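**Q** After the structure tokens below, expect a handful of questions from me.
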Number of protein chains: 2
Amino acid sequence: MSLVVVGSIAFDAVKSPFGERERMLGGAAVHFSLAASFFCDVRVVGPVGDDFGQDEYAVLHGRGVNTDDIEHVAGGETFFWKAHYEFDMNLAHTEDTRLGVFGEFEPKLSDASKSSETLFLANIQPDVQRGVREQSGAGLVGLDSMNLWIETARDSLLETIAGVDLVLLNDAEVRMLTEQPNMLLAARAIMDMGPSAVVAKQGEYGAALFTREGYFAVPAFPLETVMDPTGAGDSFAGGLLGYLASQDDWTDDATLRRGMTYGSVLASFNVQEFGTERVARLTREEIDERFEAFRAMTALEAAPD
Amino acid sequence: MSLVVVGSIAFDAVKSPFGERERMLGGAAVHFSLAASFFCDVRVVGPVGDDFGQDEYAVLHGRGVNTDDIEHVAGGETFFWKAHYEFDMNLAHTEDTRLGVFGEFEPKLSDASKSSETLFLANIQPDVQRGVREQSGAGLVGLDSMNLWIETARDSLLETIAGVDLVLLNDAEVRMLTEQPNMLLAARAIMDMGPSAVVAKQGEYGAALFTREGYFAVPAFPLETVMDPTGAGDSFAGGLLGYLASQDDWTDDATLRRGMTYGSVLASFNVQEFGTERVARLTREEIDERFEAFRAMTALEAAPD
């Protein structure tokens, strides 16, 4: 089973109360593909500039991610993002954004990418997402977006959402998109547009899954140290979509619940160190152990008669 | 098994996007005792004024709550609170607070209350809570508090917490009290003061339980309509403490998890209508059904080999 992710590849400068990195590999498509790589074959599609070199490719290749569809734009600079976190790690304070080659990104899928069974549209301008979706023959298409596009490209985003199967958004974005404060009704409003599943990301509280048949909630893993939350949402999406891509029927309820939990597992490892550092050296055994810890953490016995 | 709750008995005026009540029975001790009444014998201790009459007693008696220790202050007025909610139901906008007889409340426990096995100190000034705790021989003592006391009576609150077994606070209050942004470390800091369990209430995200041995998270029940969130936290506490009071060993992990879930069940019914309206006519069968719905909602099967 193979999965294609289209999105940003970046250099990040991040400072948190626990340390600092001046320039490290980042970007939604990078975090996503590293997380998904534990479950299926992953191809990453995104643009890079002349500053993107062997060290960066080595991180992706180290996890077996196929980088043939990374587009090298000669003379360009890779997307750069600088931010800091204070003790409230739910909020990133952006200091600088230089889109570089990402600003002119017009993704063209290779034949291999077009025929991939699963596609993830990481957060990009929704016209671009829709253009990619139309090139793909995938049976499962997931999408992430953000408040910026809800505010500035709402109609395009709604049209794009109508063509995908699974939508991931922060819970505030779910409400903003639908103008519905009640989460259950807001998620249903998105499903009425076309998707059969909506995942509301809740930051430190975990995530909730809404389908036409039901509801599932997974908490975040309680950690003593959250060093850098950058990429948590993308790692979550990578764990979820990667697992779903590896299964015969992604719409099966038990499968979706496991996928949500793998998403939470990958996000929890991601935030324990800076950037891709922890996930890059993660093992499948560590993932399975933490999956079991999640099961134990949420297990509830029936009340005795 | 019997349980005593000490706290406010009130009249509330509440307006939400879904309706309005100009004067209805409320108060932490009322919401708590109605919720707890499904699991054990409950005595409620709190002051009322001349305006508190047979209609109000009838609600409590309707659920079998013992009101012998309600203190009627002749010539006084019952605590009155007026607030409204906007679409973000996590925040109550207080318009008026008239403490009335609650301002001079100096609770004295009756002999029956002193010998009760379980005691809950609802949100009151921490000196008053400690005075009650010292009169009681209970084996399980729970406590709620609020940001006001953390800011204005911090040392007294810390001393009071040292003498109880289970602390319930909003997660922001857990952080504020301990000056520790990480929830896991913050909860441990509270347990280092004495309590063996900390419950962090998370509003629409549910609640988390921290003990020395482990962690448990329960989501809130997804509802199409939240009509009036007033008393959700107190109903949660009532469901939790009421269930724990009914069991032989409240420190048992499976028991605590069930208690957390019953707490979430009672809170979910509480918010579906105004004030005490829904819980007052709730049945044990409805509680058991929703408990099972919670089990189904969070159930996670192991990954196949």
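A short reminder: the numbers here are calculations on the coordinates, not readings from a lab. Every value quoted in this text rests on a predicted model; they were computed, and no experiment measured them. Heads up, the Cβs are rebuilt from the backbone with ideal geometry, glycines too, and the neighbour counts pull from every protein chain shown.
**Q** Most mobile of A:Arg98, A:Arg63, A:Arg133 per a Gaussian network model of chain A (Cα springs, under 10 Å)?
**A** Of A:Arg98, A:Arg63, A:Arg133, the most mobile in the Gaussian network model is A:Arg98.
**Q** Can you tell me what the convex hull of the Cα atoms of the range B:146-193 projects to on average, as an area in nm²?
**A** So the Cα hull casts an average projection of 2.9 nm².
**Q** From zero up to wherever the largest Cα-Cα distance of the range B:184-228 sits, split into 5 Å bins and tell me the percent of pairs in each.
**A** Calculated P(r), rounded to whole percents: 5, 21, 27, 17, 12, 8, 7, 4.
**Q** Under a 5 Å amide H to amide H cut-off, with H placed in plane at 1.01 Å, what residues pair with A:Asp69 once short-range neighbours are removed?
**A** A:Val44
**Q** A further question on this structure: Positive end of the charge dipole of chain B (Lys, Arg +1 and Asp, Glu -1 on Cβ, about the Cα centre): tell me which of B:Ser2, B:Val45, B:Phe18 has its Cα farthest that way.
**A** It is B:Ser2.
**Q** Between B:Ala172, B:Ala197, B:Ala245, find the one with the highest GNM mean-square fluctuation for chain B; connect C-alpha pairs within less than 10 Å.
**A** B:Ala172
**Q** Now, a different point. Counting C-alpha atoms alone, how compact is the protein assembly as shown: give Rg to one decimal and Dmax as a whole number, in angstrom.
**A** Final numbers for Rg and Dmax: 26.1, 86 Å.
**Q** Project the alpha carbons of the range A:66-183 onto their principal axes and report the range along each, largest first, in whole Å.
**A** Between the extreme Cα coordinates on each principal axis of the range A:66-183 lie 42, 36, 24 Å.
**Q** Give me D for the range B:98-245 in µm² s⁻¹, whole number, from Stokes-Einstein with Rh from the Kirkwood sum over alpha-carbon pairs, 20 °C and 1.002 mPa s. Please list the in-between numbers first.
**A** Details: Rh = 16.0 Å.
Rounded to a whole number, D works out at 134 µm²/s.
**Q** For chain A, set up a GNM with springs between Cα atoms under 10 Å and report which of A:Gly206, A:Gly19, A:Gly231 has the largest fluctuation.
**A** A:Gly19
**Q** Also, I was wondering about something else. Could you tell me the distance between the Cα centroids of the range A:153-169 and the range A:60-90, to the nearest Å?
**A** Going from one Cα centre to the other spans 24 Å.
**Q** Another one. How about the range A:5-88: which chymotrypsin sites (Phe, Trp or Tyr not before Pro) there lie in a loop by DSSP and see at most 11 other Cβ atoms within 10 Å? Please report the intermediate quantities before stating the final value.
**A** Values: sites: A:Phe11, A:Phe18, A:Phe32, A:Phe38, A:Phe39, A:Phe52, A:Tyr57, A:Phe79, A:Phe80, A:Trp81, A:Tyr85, A:Phe87; in loops: A:Phe18, A:Phe38, A:Phe39, A:Phe52, A:Phe87.
Qualifying residues, ordered by number: A:Phe87.
**Q** Where q = 0.17, 0.21, 0.23, 0.27 Å⁻¹, what log10 of I(q)/I(0) comes from the Debye formula for the range B:204-269, counting one point per Cα?
**A** -0.56, -0.81, -0.94, -1.18
**Q** Hey, got the dipole for the protein assembly as shown? About the Cα centre, +1 on K and R Cβ, -1 on D and E Cβ, debye to the nearest 20? Walk me through the intermediate numbers first.
**A** Working: 46 positive and 98 negative charges, 45 e Å.
It comes to approximately 220 debye.
**Q** Taking only C-alpha pairs under 8 Å that are 6+ residues apart, what is the relative contact order of the range A:48-165 in percent?
**A** Details: 154 pairs, mean separation 22.0, N = 118.
Relative contact order here is 19 percent.
**Q** Return the percentage of antiparallel bridges among DSSP beta bridges fully within chain A, rounded to the nearest 5 %.
**A** Numbers: 21 of 52 bridges.
Given both bridge residues lie in chain A, the antiparallel proportion sits at roughly 40 percent.
**Q** Just going by the charge dipole of the range A:107-235, with Lys and Arg at +1 and Asp and Glu at -1 on Cβ, which of A:Val226, A:Gly214, A:Gln135 is farthest out on the positive end?
**A** Sorting the options by dipole projection puts first A:Gln135.
**Q** So how strong a dipole does the range A:96-143 carry about its Cα centre when Lys and Arg Cβ are +1 and Asp and Glu Cβ are -1, to the nearest 20 debye? It would help to have the intermediate numbers written out before the result.
**A** Numbers: 5 positive and 7 negative charges, 13 e Å.
It comes to approximately 60 debye.
**Q** Taking only DSSP H segments of four or more residues, each worth -39500 (n - 2.57), what value at 222 nm results for chain A once the sum is divided by all its residues, to the nearest 500 deg cm²/dmol? Write out the running numbers ahead of the final one.
**A** Details: 12 runs with 116 residues, N = 305.
Here the helix-only value at 222 nm equals -11000 deg cm²/dmol.
**Q** Ok, one more. Report, as an integer, the average count of C-beta atoms from other chains found within 10 Å of each Cβ along B:292-301. Numbers along the way, then the final one.
**A** Working: counts 2, 2, 2, 5, 4, 7, 9, 8, 14, 7.
Mean shielding count: 6.
**Q** Follow-up. Largest first and to the nearest Å, give the Cα extent of the range A:82-137 along each principal axis.
**A** That works out to 44, 23, 18 Å along the principal axes.
**Q** Just tell me which lysines come within less than 29 Å, Cα to Cα, of B:Lys82; anything on the same chain fewer than 8 places away is out.
**A** B:Lys15, B:Lys108, B:Lys201
**Q** Is any helix in chain A, taking whole DSSP H runs, at least 15 angstrom long along its axis by alpha carbon and on average at least -0.5 on the Kyte-Doolittle scale, and which ones? Mind showing how you got there, number by number?
**A** Working: long enough: A:183-193 (16 Å, 1.38); A:232-245 (19 Å, 0.89); A:253-270 (26 Å, -0.06); A:284-298 (21 Å, -1.07).
Counting only whole DSSP H runs, the qualifying helices are A:183-193, A:232-245, A:253-270.
**Q** Another question, if that's okay. Please work out the C-alpha center-to-center distance from the range B:250-305 to the range A:170-197 and express it in whole Å.
**A** Here the two parts' Cα centres lie 25 Å apart.
**Q** I need to check one value: relative contact order of the range A:156-205, counting alpha carbon pairs closer than 8 Å and at least 6 residues apart, in percent. List each step's numbers first, then the result.
**A** Working: 58 pairs, mean separation 24.2, N = 50.
About 48 percent, as a whole number.
**Q** In nm, one decimal, shortest first: how far is the label point of A:Ala296 (7 Å from Cα along Cα to beta carbon) from the matching points in the other copies?
**A** 2.9
**Q** Continuing with the same structure: When the dipole is taken about the Cα centre of the range A:1-141, and only Lys, Arg (+1) and Asp, Glu (-1) are charged at their Cβ, what size is it in debye, to the nearest 20?
**A** Details: 11 positive and 22 negative charges, 70 e Å.
The calculation lands at about 340 debye.
**Q** Could you list log10 I(q)/I(0) for chain A at q = 0.07, 0.15 Å⁻¹, which the Debye formula gives when each Cα is one point scatterer?
**A** -0.24, -1.21
**Q** Averaged over A:219-229, how many beta carbons belonging to a partner chain fall within 10 Å of each residue's beta carbon?
**A** Working: counts 10, 4, 3, 10, 4, 5, 3, 4, 0, 0, 0.
Mean inter-chain Cβ contacts per residue within 10 Å come to 4.
**Q** Considering only the label points, 7 Å along Cα→Cβ from Cα, what distances in nm to one decimal separate B:Gly103 from the same position in each other copy, shortest first?
**A** Nearest to farthest, the other copies are at 6.3 nm.
**Q** Only loop residues by DSSP count here, and only those with at most 15 other Cβ atoms within 10 Å; note down the GluC sites (Glu not before Pro) in the range A:258-305 that meet that.
**A** When the GluC sites (Glu not before Pro) of the range A:258-305 are filtered for loop state and at most 15 Cβ neighbours within 10 Å, A:Glu301 remain.
**Q** If we restrict to alpha carbons, what Rg and Dmax does the range B:1-52 come to, in Å?
**A** Just the Cα atoms of the range B:1-52 yield Rg and Dmax of 12.9, 40 Å.
**Q** Output the relative contact order of chain A, whole-number percent, from Cα pairs under 8 angstrom with separation of 6+ residues. Working shown, then result.
**A** Numbers: 665 pairs, mean separation 54.0, N = 305.
It rounds to 18 percent for chain A.
**Q** What is the mean projected area of the alpha carbon convex hull for the range A:241-305, to one decimal in square nanometres?
**A** On the way: hull surface 23.0 nm².
Across all orientations, the range A:241-305 yields a mean hull projection of 5.7 nm².
**Q** Separate question: Taking a temperature of 4 °C and a viscosity of 1.567 mPa s, what whole-number D in µm²/s does Stokes-Einstein yield for the range A:33-115 with Rh from Kirkwood over alpha carbon pairs? Before the final figure, lay out each step's value.
**A** Details: Rh = 14.6 Å.
Diffusion coefficient, whole number: 89 µm²/s.
**Q** Between the label point of A:Asp192 and that of the same position in each other copy, find the distances and list them shortest first in nm, with every label point placed 7 Å from Cα along the Cα-to-C-beta direction.
**A** Values, ascending and in nm: 5.2.
**Q** Calculate how many DSSP beta bridges within the range B:160-305 are antiparallel, expressed in % of all such bridges and rounded to the nearest 5.
**A** Values: 9 of 14 bridges.
Taking every DSSP beta bridge with both residues in the range B:160-305, the antiparallel ones total about 65 percent.
**Q** Now a separate question. Percent antiparallel among DSSP beta bridges with both residues in the range B:73-227, to the nearest 5?
**A** Numbers: 15 of 27 bridges.
The answer is about 55 percent antiparallel.
**Q** First obtain the Kirkwood hydrodynamic radius of the range B:182-295 from its Cα pairs, then insert it into the Stokes-Einstein equation at 25 °C and 0.890 mPa s, and state the resulting D in µm² per second as a whole number. Don't skip to the answer; put the middle values down first.
**A** Values: Rh = 14.5 Å.
Estimated via Stokes-Einstein, D reaches 170 µm²/s.
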